[in-house]
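Beneath this line is the structure, given in structure tokens, with notes to follow.
The values are calculated or read from the model by the stated rules, or taken from the named source; none is laboratory data. Owing to the predicted nature of the structure, the values given are computational and were not obtained by experimental measurement. A quick note on method: Cβ atoms are made from the backbone with ideal geometry, for glycine too, and the neighbour counts reach across all protein chains shown. Ligands, DNA and RNA are stripped out before the accessible areas are found, and what is left, the full protein with its side chains, is counted by its heavy atoms. Shrake-Rupley method; radii C 1.70, N 1.55, O 1.52, S 1.80 Å.
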Amino acid sequence: MAKRQRLMVHHHHQEEEDEESSEGEEEERGQFCDADEEDEERQDGSQQQRQQQQGSKIKIKLASNICKVCGQRGHSAGFQGSVYVDCINKPCYLCKTLGHTTATCPYRIISPGFGVKPASGPQGSLARSIAMREVSPSSSKSLPCPPRQPKFQVSAAIMKLHTRRVTVLEFHPQRENVVLSADKKGGIAAWDFAKVNERTLYSDCHKYLVSGMKHVSWFGDPTFATGSADGTAKLLDLECGLHSQMIDLNPNGYTTEKEWKMVNSVEVSTDLKAIICGDSDGRVHILDPRQKRCVTSLQLHKTGNKVCCLGIHPHESRLVASGSNDHTVRLFDVRGFCSRLLDEGIRPSAPGPSTVSPAVGSGGPSGDQQQQQQKKQPRGGKSHVSHPAEIAQLPHPRVVNAVSFSPITGQRLLTTCQDNRLRVWDNTLSACNGDGPNREIVHSHDFNRYLSPFKAEWDPKDLTESNFVIGRYISEDHGGVALHACDIIRADTGAYTAQLFDYNLPTISPVNKPHPTRDLIVSGSSRSLFLWSRVADDEDDVEEGAAVGPRDTSAAESSAAPGRHRLQPRIPFTLYDADPDSEKKKPKGGKGKGKGKGSDSD
Ligand SMILES: [Zn+2]
Ligand SMILES: [Zn+2]
């Protein structure tokens, strides 16, 4: 009986984990559970926070002197106003070391040099020396300086565009005012942020969480490759709303929780005219979007571990990076997949545990064969034998949420890891040598239980390949209101280019995407999307509050809060509530539910 109960608990745990996109290591986060459970409510409760803060001085002295985190006397922890006070017996929430709290963490002080550690890997290889001499930005003084610190403000928002939290953002390849977003329930939307209320919903493409969405550039119509926790990767034509399946990882449907496979990451290789996707069992698949089938797949990460993210080199598109909750980033050469497949084809009884499965979706009994093959493999942490396709393994202490090459030359490699560190390799060649990163940047982004995983995103407009954007988990107090920054950070120094705060965006924004050509950033927070617009440079010195525009009162209410950190709005803010449950709210312009033609008529 006891055993049965335990199994059921385990089953439930699995289910919960599967729902979240790049979960792992829940036990490690458990220690912050008290704070975490409150999280979603606290994001929206700024008014409540202010009330709490008014009485906070009294509370600290008179009330609970028993810590609700560790249970010991003599100190307290939890929210005091908008500020979260750590338990002194737990590691710092930001940098994960003992002996201080998040409030006193040295990495909290944001200035150049803080939070940045130099390379830890071997420095002396010939390839690295040559690479550093020839192409390193630090040796080349002729490169332009990164853009000066921009000022951004939230200028538009569409509330409750999605029915569940936003997981992915991508810009429309042809319409510069349209951003595409996907959610935890499988919904995909196109939002015209210039018109604010216009959007198109593609609600029947996927059944569960959409984990990735990438433009397939060589198709005539604007088409995106999508991947989902429903185990499929599809092609979605934005014009007609039609979608077609490229792979189904569960060809026999649902059997058990354990057997269910998900697509956790999607990339597009323009050179190879192929879609690459990573699954929840450590495998990477190469898909042919024309034939709509899997060409080959490889056990690149440990079985039972999600391939959480993929990155393709912008020029050498055979060079692909994958990150996983097996705590590694692997660099591999896609060409290695094919030679391996040929080898396996010639000698079906090749030694070693199976690494290549028959193409899924090519019909016939291959699906069954694969199922049997997979059943023989033990799940969860089987040690991985490195592959001919693998170039290097880059170990990380925790789950890797994101990996990407710098967007113009591919020279830098950037990873987002759940240990609250962003890692930068200044030269892809040194990463290919297995060298350690050039710097580690301490940054608060480790939380993802109720949030989409935080992922650093390069700014494709920055020709120096310095700036990237990432949302921040811990909040800063702005006149009694807790605001969560969207950070722009320099990969070359670790310094903050900008910390974006706005009273119109009081919630955490784990998903952010810089616009490819304009000074705009779209943030996905909970079910809503927010547009950050750059405040013109010549307005920078305008007297505070001079350019206040009409603001939605319900969302901007908090800006009335007193305090010396008060943020002054400079450009108008427009908000549209798109709650699909309330039909009455829809204006004439809104097209509402259902697939169909693109929403804007420009
Ligand atoms: Zn404590
Ligand atoms: Zn610290």
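Brief remarks on what is shown
- Legend: residue pairs Lys207/Lys292; Lys160/Lys207; Lys90/Lys455, Cα-Cα distance threshold 23 Å; pairs beyond threshold, Lys90/Lys455.
- Environment charge at Ala274 (Cβ cut-off 13 Å; Lys +1, Arg +1, Asp -1, Glu -1): +4
- FRET efficiency for Glu176 and Asp477, using Cβ-Cβ distance with R0 set to 41 Å, rounded to 0.05: 0.70
- Computed with a 1.4 Å probe over protein heavy atoms only, the accessible surface of the stretch 416-510 comes to 18 Å² per residue.
- Split the accessible area of the stretch 67-111 by element, probe 1.4 Å, and carbon with sulfur accounts for 56%.
- Long-range HN-HN contacts of Ser228 with modeled amide H, under 5 Å: Ser211, Val263
- Along the stretch 502-519 the Karplus relation, 6.51 cos²θ - 1.76 cosθ + 1.60 evaluated at θ = phi - 60°, assigns HN-Hα couplings of 7, 4, 7, 10, x, 9, 6, 10, x, 10, 9, 9, x, 5, x, 10, 10, 6 Hz to successive residues, with x for each Gly and Pro.
- Near Thr574, the amide H atoms lying under 5 Å from its own belong to Ala156, Ala157; only residues 5 or more places off or on other chains count, and H is placed 1.01 Å from N.
- Per-peptide average of other Cβ atoms within 10 Å, ordering 221-233, 293-305, 249-261 highest first: 221-233, 293-305, 249-261
- Residues Arg164 and Arg293, FRET efficiency given R0 of 35 Å [Cβ-Cβ distance, rounded to 0.05]: 0.70
- Accessible surface of the stretch 141-286, 1.4 Å probe, proportion on carbon and sulfur as whole %: 51 percent
- The stretch 392-468 - Debye-derived log10 I(q)/I(0), Cα point model, q = 0.24, 0.25, 0.27 Å⁻¹: -1.14, -1.21, -1.32
- Charge tally in the Cβ shell below 10 Å around Gly220, where Lys, Arg are +1 and Asp, Glu are -1, Gly220 excluded: -3
- If only the Cβ of Lys and Arg carry +1 and only the Cβ of Asp and Glu carry -1, the dipole of the stretch 156-266 around its Cα centre is close to 400 debye.
- Once both labels are positioned 7 Å from their Cα atoms along Cα-to-Cβ, the gap between Glu259 and Asn89 label points is 4.6 nm.
- For Ile66, the solvent-accessible surface computed with a 1.4 Å probe is close to 80 Å², ligands and nucleic acids excluded.
- Amide H to amide H distances under 5 Å link Lys455 with Gly471, Asn512, where only residues 5 or more positions off or on other chains count and H is placed in the peptide plane.
- Of the residues Cys92, Cys70, the one with the largest accessible area comes first in the ranking Cys70, Cys92, computed with a 1.4 Å probe on protein heavy atoms.
- Each Cα pair under 8 Å and six or more residues apart adds its sequence gap; the mean of these over the residue count of the stretch 148-258 is a relative contact order of 16 percent.
- Summing charges over neighbours of Ala402, with a neighbour being any other residue whose Cβ is under 10 Å away from its Cβ, gives 0 when K and R count +1 and D and E count -1.
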